[in-house]
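The values are calculated or read from the model by the stated rules, or taken from the named source; none is laboratory data. The structure presented is a predicted model; accordingly, all values stated were derived computationally and were not measured. Please note: Cβ atoms are built from the backbone with ideal geometry, for glycine as well, and neighbour counts cover all protein chains shown.
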Amino acid sequence: MESFWREQVEAAPTRDGLALTLPLMYPDGWQVTVFLTALTPGWVQLSDHGKTLGMLIGAGMNIESKQSNTVALLNERARTFELENDGAVLSKNVRLPLQGVDVQLFAEALVSIAHLIYRHEPVTVHVNPSEKAVAQVFASRNITPRRNVELEGVLEHRIRVDYLVEASKSLAVQVVSRRENLRDYMEQWAFRWSDLRKRNGRMLAAMVYDPENQSWDETALRIGNDVCDCFCRYDEMESLNAALTQVGA
């Protein structure tokens, strides 16, 4: 067991602190990553950067509904584990020196909340125009990409992307489905793209978003433009076509 934990627990510096990848999985197969940020000389914040509730929101759950039994369970578990919910980002402040059990319990709390996805039955399905636009580009170029592909980074061993086009080079395409808290989402993907490029420097990264139905701010957009080889609106797909040409597809 000690050998397993030494091999599976990995740490990497981030812009604001440290990211710890743990041997725990979300329901969608993503490995749990806990982000640590120093608050004061005596306190540190543990955070999920919006991954957990973002998954539930992406499945159609209204996490602010007062009539939902699932939301009531979510709030109950957040109280049990003493988590704060700030704009869909789950966090907890802990006193230094940090104990391993603090990180473990926080990560287990995230997994517990994430599994509420199995209790949720979305009433309506939101049609993401970005998905349709990407599919049309692939069809126009007679490309059949691989769907929902798990790629391996240096720190995260299971990074799932929506599409993978393999030609003389590889192009990974992620369609942004989240509507809120996009700055945290893009910071998370900046870490993932960097991790993937450390493993495969020839891979290009693309993200397609919907500016009309998603709450983008200047910082989130700047992150996308900085870390992606192609970062474009669903109604302006010239750069995605250029990226496909660049990889020889």
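Out of region 1-16, which residues are assigned to a loop (DSSP other than H, G, I, E, B) and in contact (Cβ under 8 Å) with a residue 40 or more places away in the chain? Passing the criteria: Thr14, Arg15.
Counted as qualifying within region 17-136 are the helices (runs of 4 or more DSSP H) with 1 or more residues that are more than 30 Å from Glu212 (Cα to Cα), namely 69-80, 100-114. Of the numbered conditions (1) modelled with pLDDT under 95; (2) more than 24 Å from Leu56 (Cα to Cα), Glu150 fails exactly one; give the number of that condition. Exception for Glu150: condition (2). Scanning region 234-249 for residues that are without any contact (Cβ under 8 Å) to a residue 60 or more places away in the chain and outside any loop (DSSP other than H, G, I, E, B) yields Glu238, Ser239, Ala242, Thr245. The set of residues from region 176-205 being touching a Leu at 6+ places or on another chain (Cβ under 6 Å) and in a strand (DSSP E or B) comprises just one member, Leu204.
Scan region 191-220 for residues that are free of Cβ contacts under 8 Å to residues at least 12 places away in the same chain and among the aliphatic types (A, V, I, L, M) and the total you get is 0. Filtered by the rule that a residue be under 22 Å from the mean Cα position of the chain (by Cα) and more than 14 Å from Trp43 (Cβ to Cβ), region 82-105 gives Leu83, Asn85, Asp86, Gly87, Ala88, Val89, Leu90, Val103, Gln104, Leu105. Among the residues here, Ala114 does not qualify as surrounded by 14 or more Cβ atoms within 10 Å (Cβ to Cβ), among the aliphatic types (A, V, I, L, M) and in contact with a Leu (Cβ under 6 Å, 6 or more places away or on another chain).
For the residues His126, His157, His120, the requirement of being at pLDDT below 90 and either over 30 Å from Thr70 (Cα atoms) or of a type in the set (Asp, Glu) (or both) singles out His157.
Within region 28-44, residues that are on the phi > 0 side of the Ramachandran plot reach partners that are outside any strand (DSSP E or B) with beta carbons closer than 8 Å, at six or more positions or on different chains, in the pairs Gly29/Arg158. A single entry from Val71, Val89 fulfils the requirement of being more than 23 Å from Val149 (Cα to Cα) and without any contact (Cβ under 8 Å) to a residue 12 or more places away in the chain: Val71.
Of all residues in region 150-175, those satisfying the criterion of being more than 16 Å from the chain's Cα centre (by Cα) and part of a strand (DSSP E or B) are Leu164, Val165, Glu166, Ser170, Leu171.
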